[in-house]
Structures are given as C-alpha cells and as structure tokens.
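Here's the structure we're looking at; comments come further down.
The values are calculated or read from the model by the stated rules, or taken from the named source; none is laboratory data. Quick caveat, the model's predicted, so the values are computed rather than measured. Neighbour counts are summed over all protein chains in view; Cβ atoms, including those assigned to glycine, are modelled from backbone coordinates with ideal geometry.
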Amino acid sequence: MASGRFSVHLARSKKDLAAAQALRFEVFFDEFKAKTLTDQHSAGLDSDKFDDFCEHLLVVDNEQDKKVIATTRLLLSSQKPADLSYIAQEEFSIPLLDAVQDNCMEVGRSCVHKDYRDGKAIQFLWRGITKLIFDNDIRYLFGCASFHSTDIDEIAYELAYLHHYHMDPATHVARALDYQSMDRMPKGEIDPDKATALLPPLIKAYLSLGGVVGNGVALDPDFKTLDILITVDVSKVPDQYHRFYRKQADRLSFDPLFI
C-alpha cells in the first residue's frame with residue numbers, strides 16, 4: 001500500500017528480509033544497546049530462529065530510495081511448526097494459547113527508525129498488520145510490548161495505570177514467568193490521561209483496539225527492556241477502528257511470503 005511518500009509491504013526477497021534485520025539491529029543494538037548474541041549480529045543483522053517462520057512487514061520511504069524505516073514480524077498460528085513456541089512464551093505463561101490453537105497471530109520485533117517517530121510509520125505498520133488479520137481470519141492478536149528501561153520504578157506510573165485500567169479480565173490470565181507486579185500504586189493516584197501520554201506508541205495502539213494486558217512485567221536482560229504481554233480479541237475491536245482498518249485493508253495487496 002502506498003500513500004505518497006510511504007508504503008508498506010511484505011518482505012518479498014532475502015534482500016528485503018536483510019533490510020528489516022538491519023533496521024532491527026540499528027534500533028535495538030546500536031541505539032538501545034541490546035546485548036549481541038549471534039554471529040549474525042556481528043554482521044549488523046538481528047536474526048533468530050523465528051525469522052524463517054514469520055511474515056515480515058516493511059514500511060519504506062519512497063523519497064529516500066525506498067529506505068526501510070519501520071518493520072515488524074508476525075508469527076501466524078497457521079505457519080508455526082508444532083514444536084516451536086511463540087516468542088512471548090519465553091517470558092509469559094499464556095493460557096489462551098492452550099485453549100485456542102488456531103486463528104492467532106503474534107507481533108514482535110517492531111521498531112521504527114529514529115528519524116521517523118512522528119506516528120506515520122506506526123500507522124502504516126498497523127495497516128499492514130490488520131490486512132493480515134482480515135486475510136487470515138485472525139481472532140487473537142498478541143505479543144510482548146516493551147519499555148526501554150530496566151528500572152521498574154522508573155515506569156511505575158505507567159505500569160500501575162495498565163494494571164488498574166487495562167488488565168485482562170479473564171479468569172486464567174497470562175502471567176510473567178519471572179514475575180514482577182505492575183500494581184505499583186493505588187488506582188486513585190493515577191491520572192489516566194497523563195499515564196496514557198507516557199506510554200510507548202505501540203502500546204497505545206494496542207489499547208486503542210481494546211487490548212488487555214497480562215499479569216506482571218518481565219525483565220529482558222538481553223534487550224534491556226521491561227516487557228508486558230498484550231492481547232487483542234479482534235471480535236471486540238471498537239466499531240470505528242474495525243471499519244477504518246477494514247477499509248484500509250481492502251485497498252492493500254500483498255504478494256505471498258517468499259520463504
């Protein structure tokens with residue numbers, strides 16, 4: 001899908017995938033100083049065992065020689081090998097995935113180039129994500145969302161807001177394996193508007209679609225982040241957003257995955 005300067009598409013070649021991995025490396029490792037773990041990282045690429053089974057969305061700047069400015073990867077339940085866990089299961093127990101085997105999609109490794117963080121790139125990523133949701137009849141969208149901090153007290157206000165206002169009401173809620181409570185202060189001390197303004201854009205996007213958070217926050221020492229688990233039940237997305245993204249998805253055409 002193109003809209004003047006920017007467009008979004010699936011990775012169509014190994015060159016596309018390498019461009020996405022290079023941006024991930026630039027953001028996560030060069031900018032946010034994550035710990036390098038593999039030989040690929042020494043080549044300036046962020047890659048792992050999940051890449052081969054995922055769809056990769058790329059947002060490009062058509063005025064800058066189609067430079068990749070944002071990317072995310074999506075693991076569909078229909079494409080996940082039976083012996084492969086979801087990425088989020090490395091940090092969270094997720095009872096939903098025991099009960100629902102199909103029609104799920106995990107979002108991960110989302111990042112935006114530092115020069116394009118005015119909201120437009122995230123909008124294009126979400127148009128691509130929702131295109132895959134509609135095309136694949138996805139019911140549950142989920143994934144880890146990160147705060148770029150390892151100090152839980154530094155984001156106590158945001159975590160407490162999420163705990164009190166957006167906790168999953170399910171009886172068997174997802175829970176951090178290395179559990180740290182999000183309930184950092186009483187609900188009465190929180191201004192929802194102030195807290196929302198402090199949240200990372202990706203988390204705000206999830207919440208606008210009716211996303212709910214799991215119980216607890218997990219420390220990722222390699223990426224130097226504090227992670228929460230967010231789930232969106234697509235059947236409960238507010239009507240105005242459903243109509244908007246349905247219209248956007250109908251205008252978007254993707255080639256098949258190249259792998």
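For a quick check of your reading of the model, give me the residue pairs whose first member lies in the stretch 25-37 and is among the polar types (S, T, N, Q), whose second is in a helix (DSSP H, G or I), with beta-carbon atoms closer than 8 Å and at least 6 apart or on different chains.
T36/F29; T36/S42
Working only within the stretch 108-130, note down all residues that are assigned to a helix (DSSP H, G or I) and within 15 Å of the chain's Cα centre (by Cα). Talk me through it step by step, then tell me what you get.
Taking the stretch 108-130 first, the residues assigned to a helix (DSSP H, G or I) are 114-116, 120-130.
Listed by number, the residues that qualify are A121, I122, Q123, F124, L125, W126, R127, G128, I129, T130.
Inside the stretch 154-172, can you point out the residues that are out of contact with any Leu (no Cβ under 8 Å at 6 or more places or on another chain), among the acidic types (D, E) and either more than 13 Å from V217 (Cβ to Cβ) or touching a residue at least 24 places away in the same chain (Cβ under 8 Å) (or both)?
Once the filter is applied, which keeps residues that are out of contact with any Leu (no Cβ under 8 Å at 6 or more places or on another chain), among the acidic types (D, E) and either more than 13 Å from V217 (Cβ to Cβ) or touching a residue at least 24 places away in the same chain (Cβ under 8 Å) (or both), the stretch 154-172 yields only D168.
Can you name the condition, by its number, that A88 falls short on among (1) aliphatic (A, V, I, L, M); (2) at pLDDT below 95; (3) in contact with a Cys (Cβ under 6 Å, 6 or more places away or on another chain)?
(2)
In the stretch 1-107, which helices (runs of 4 or more DSSP H) lie fully inside it and hold 1 or more residues that are under 23 Å from N136 (Cβ atoms)? Walk me through it before giving the result.
On the way: elements: 14-24, 39-42, 95-99.
Result: 14-24, 95-99.
Limited to the stretch 131-157, what total is found for residues that are part of a helix (DSSP H, G or I) and under 21 Å from V237 (Cβ atoms)? Before the answer, list the steps.
Taking the stretch 131-157 and keeping what is part of a helix (DSSP H, G or I), we get 131-135, 152-157.
Next cut, under 21 Å from V237 (Cβ atoms) only: 131-135.
Residues flagged as part of a helix (DSSP H, G or I) and under 21 Å from V237 (Cβ atoms) within the stretch 131-157 amount to 5.
Only helices (runs of 4 or more DSSP H) wholly contained in the stretch 164-259 count here; list those with 1 or more residues that are more than 20 Å from D153 (Cα to Cα).
On the way: elements: 192-198, 201-208, 239-250.
Per the criteria, 201-208, 239-250.
So which residues in the stretch 90-116 are under 25 Å from D135 (Cα atoms) and either out of contact with any Phe, Trp or Tyr (no Cβ under 9 Å at 6 or more places or on another chain) or among the acidic types (D, E) (or both), if there are any at all?
Kept after step one, since they are under 25 Å from D135 (Cα atoms), are these residues of the stretch 90-116: 94, 96-112.
D98, A99, Q101, D102, E106, S110, V112, listed by residue number.
Just to check your reading of the model, which residue among L199, L257, L219 is modelled with pLDDT under 95 and either among the small types (G, A, S) or touching a Leu at 6+ places or on another chain (Cβ under 9 Å) (or both)?
Details: L199 fails: modelled with pLDDT under 95; L219 fails: modelled with pLDDT under 95.
The conditions single out L257.
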